[in-house]
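The values are calculated or read from the model by the stated rules, or taken from the named source; none is laboratory data. No experiment lies behind these values; they were computed from the predicted model shown. In this analysis, Cβ positions are derived from the backbone assuming ideal geometry, glycine residues included, and neighbour counts consider all displayed protein chains.
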Amino acid sequence: MIGTYAAVAAICVSSLAIGQAVLGLYGERLEIRLSGRRPWSWLAPPVGLAVICTLCWWTVELPGDGLIPAILVLLLTAASIAYLRGRTGGAGEALRAGWPVALGALLAASLPFAVEGHFGILGTSFNPDMSQHLLAADRLSEGHSSQLLNQGYPLGPHSIVVALNKGLGVGLVQGFSGLTIAVAILASLTALAAFRELPALPRTAGALLVGLAYVVASYFAQGAFKETMQALYLLAFVLALREVDRTWSDLQLRYVPAALIAVGSIYTYSFPSLIWLGPALVLYLLANAFLAGGGRARRPRASSAGVSGGRTGPAAKPLGLALVVFVVLALPELSRMLDFHSFETFDPNGPGLGNLFGQISPFEALGIWPSGDFRLAPGDGAVPAVAYYLGIAFGLALLVYGAVQLWRRRETAILAGLGAAALAYAAARVAGTPYTAAKAIEIAAPLVALAILLPLLAEACRLCKSDTRRSWVPAAAALFVAAAGVCSLLALANAPVGPTSYSSKLSEYRKQVGAGPTLVVASPQLLEEEHGAPFLNWEMRGGRVCIQSSDESTHLPAGIRFVVFEAAGDWRLKKVHPLPGKSPCPLVAERQARQGPAR
């Protein structure tokens, strides 16, 4: 627990400090000034995380096996805090707005560990991919190569975990758990950039539901930190474009925050990240050009809820400067992005289900899906199918209402992000696999929640202030917040938590034992409390595997050639003479190991 929360604190503090310092350094001419100081921006968290991710990846392979990025991030954080002293306006107001959101996100993200009663690998028995990430981080921390590294897989987040391991002594398992929790907190804080002018209660509720939308919570539950990070970066990219229309309009470098966020996205998700960010920028520019050219749209209204906005289209020079920043910072990853294009996930003829049971409904992005397992179809769980369809109808109606209101208020950035997310999903559905289509739904979910909640909560607050009791909007807002919140918490409560530690020995032994048959003897705690059987099956995949508890009398099934057992806190391998007869151990193929049980 201590290691996990130490990682959470380190990532959140560094991201907030570094991000705000970066925005302060370039924002000398921000329109809004408080006593000559630069105002706090809720885009600081994603900008800071992007900088950390980039810096760690650039330096993680230098001598020291991960110690240098830890030192550099620590020095940069300290320098940022020193720079910000006396230079940031509205810090007290930001703290009052931010701490309930941060605390709420922390408690929600801690729910899986509280339910399971221990900390460990998120998603074990649900999605085994964390095993590969742990192995890649382990190899990276020792200065060795790995399959993911050689394939051009983006390892920016892994380098953050390595820096935590070397700098704070945080274990790799706790580092990844801490990173995943921190992303949930930072995403919720980032959403405050849109909700900041709402009263405290709707502001907090809106930020939490955007940061932990149902499908995002579901991916959190399976330890899919890359997808939750990419969802954060897309949300932040859109909100950075929105700020260009609102408070950064006079800055020559007004698109630089969006460029930095895009760089972090590249080092987290490689070139596929541009499938969302590129179209979002293009659609945003086209929409602004249309409105600037006299397109029919209602002029933005002043609003105490802060949903109005809009100005003329952007100039070429600021865009050009941002493009230069992006190209220069992303260029070192170009060769690895070219290698990554042949990764197995992108093969439409490959095993495209992954850990899914079939195609995922795009309506899950609406946030009301009363199931602890997002992979299940309506009616397959304990809740009747009619509840799903009612939730879909309600959420879809609110999304249409929200889109209309956003267009009236010239919220072109949010609408452009929605359009880009829809295009990305359509492309994945037509030319990709169910696995990639599900990721597209998850990455779109925060924007869908924002499109529903921003105009809905703003209008509800306006009507409440005017004491208008007959409108349906406040009731609809309360109902959506309650239903979507319950669904997200249900997904988090259903998250399996696996082993508390990780060793690369099992991956090494897998190569030695080949097809086996192999007997794995594990502790009762690992098997009964930490979802150990699916974890061990995945680690030893590719051959015949039997699993026994160490408190049982050791008994060698027929045909066993190897025994893997725990000793002195690590795994050991022993070759044995096989007993005659056909082995009863089942074949654990890779696809079988990936397929988690229905929950």
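Among the listed residues 170, 183, identify the single one that is closer than 23 Å to residue 54 by Cβ, out of contact with any Asp or Glu (no Cβ under 6 Å at 6 or more places or on another chain) and either surrounded by fewer than 24 Cβ atoms within 10 Å (Cβ to Cβ) or at pLDDT below 90 (or both).
Numbers: 183 fails: either surrounded by fewer than 24 Cβ atoms within 10 Å (Cβ to Cβ) or at pLDDT below 90 (or both).
Going through 170, 183 in turn, just one is closer than 23 Å to residue 54 by Cβ, out of contact with any Asp or Glu (no Cβ under 6 Å at 6 or more places or on another chain) and either surrounded by fewer than 24 Cβ atoms within 10 Å (Cβ to Cβ) or at pLDDT below 90 (or both): 170.
Of the residues 483, 477, 495, which single one is under 30 Å from residue 446 (Cβ atoms), in a loop (DSSP other than H, G, I, E, B) and either free of Cβ contacts under 8 Å to residues at least 12 places away in the same chain or under 26 Å from the mean Cα position of the chain (by Cα) (or both)? Working first, answer last.
Details: 483 fails: in a loop (DSSP other than H, G, I, E, B); 477 fails: in a loop (DSSP other than H, G, I, E, B).
When all the criteria are applied, what remains is 495.
Just to check your reading of the model, which residue among 88, 59, 124 is among the polar types (S, T, N, Q), in the same structural domain as residue 376 (by TED's automatic domain parsing) and within 20 Å of residue 229 (Cα to Cα)? Walk me through it before giving the result.
Values: 88 fails: within 20 Å of residue 229 (Cα to Cα); 59 fails: within 20 Å of residue 229 (Cα to Cα).
Just one listed residue meets the conditions, 124.
I'd like the full set of residues that are assigned to a helix (DSSP H, G or I) and within 21 Å of residue 219 (Cα to Cα), limited to the range 374-389. Give the steps one after another, and end with the answer.
Within the range 374-389, the subset assigned to a helix (DSSP H, G or I) is 385-389.
Of everything in the range 374-389, just one residue is assigned to a helix (DSSP H, G or I) and within 21 Å of residue 219 (Cα to Cα), namely 388.
Yes/no per residue for (1) more than 24 Å from residue 362 (Cβ to Cβ); (2) of a type in the set (Gly, Ala, Ser); (3) in the same structural domain as residue 372 (by TED's automatic domain parsing):
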position: 188; (1), (2), (3): no, yes, yes
position: 194; (1), (2), (3): no, yes, yes
position: 198; (1), (2), (3): yes, no, yes
position: 210; (1), (2), (3): no, no, yes
position: 219; (1), (2), (3): no, no, yes
position: 243; (1), (2), (3): yes, no, yes
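Considering each residue of the range 60-93, count those that are free of Cβ contacts under 8 Å to residues at least 60 places away in the same chain and either touching a Pro at 6+ places or on another chain (Cβ under 9 Å) or among the hydroxyl-bearing types (Ser, Thr, Tyr) (or both), and give that number.
3
Would you say residue 560 is touching a strand residue (DSSP E or B) at 6+ places or on another chain (Cβ under 9 Å) and closer than 10 Å to residue 521 by Cα? Spell out the reasoning first.
Values: touching a strand residue (DSSP E or B) at 6+ places or on another chain (Cβ under 9 Å): yes; closer than 10 Å to residue 521 by Cα: no.
No.
Scanning for something under 14 Å from the mean Cα position of the chain (by Cα), assigned to a helix (DSSP H, G or I) and not acidic (Asp, Glu), does the range 240-258 turn up at least one residue? Give the steps one after another, and end with the answer.
Filtering the range 240-258 down to residues under 14 Å from the mean Cα position of the chain (by Cα) leaves none.
Within the range 240-258, none of the residues are under 14 Å from the mean Cα position of the chain (by Cα), assigned to a helix (DSSP H, G or I) and not acidic (Asp, Glu).
Give me the residue from the range 321-355 that is polar (S, T, N, Q) and at pLDDT below 75 and, out of that set, farthest from residue 156 (Cα to Cα). Full working, then the answer.
Quick first cut of the range 321-355, residues polar (S, T, N, Q) only: 335, 342, 345, 349, 355.
Retained after the next criterion (residues that are at pLDDT below 75): 342, 345, 349, 355.
Numbers: 342: 19, 345: 19, 349: 28, 355: 24 Å.
Ranking the qualifying residues of the range 321-355, first place goes to 349.
Condition check: touching a His at 6+ places or on another chain (Cβ under 9 Å), more than 23 Å from residue 147 (Cα to Cα) and not assigned by TED's automatic domain parsing to the domain that holds residue 203. Does residue 566 satisfy that? Steps first, answer last, please.
Numbers: touching a His at 6+ places or on another chain (Cβ under 9 Å): no; more than 23 Å from residue 147 (Cα to Cα): yes; not assigned by TED's automatic domain parsing to the domain that holds residue 203: yes.
The answer is no for residue 566.
Among what's in the range 461-487 and is among the aliphatic types (A, V, I, L, M) and surrounded by 24 or more Cβ atoms within 10 Å (Cβ to Cβ), pick the residue that is modelled with the highest pLDDT.
Narrowing the range 461-487 to residues among the aliphatic types (A, V, I, L, M): 463, 473, 475-479, 481-484, 486.
Cutting the leftovers down to surrounded by 24 or more Cβ atoms within 10 Å (Cβ to Cβ) gives us 477, 484.
On the way: 477: 92, 484: 95.
Applying the filter and picking the extreme gives 484.
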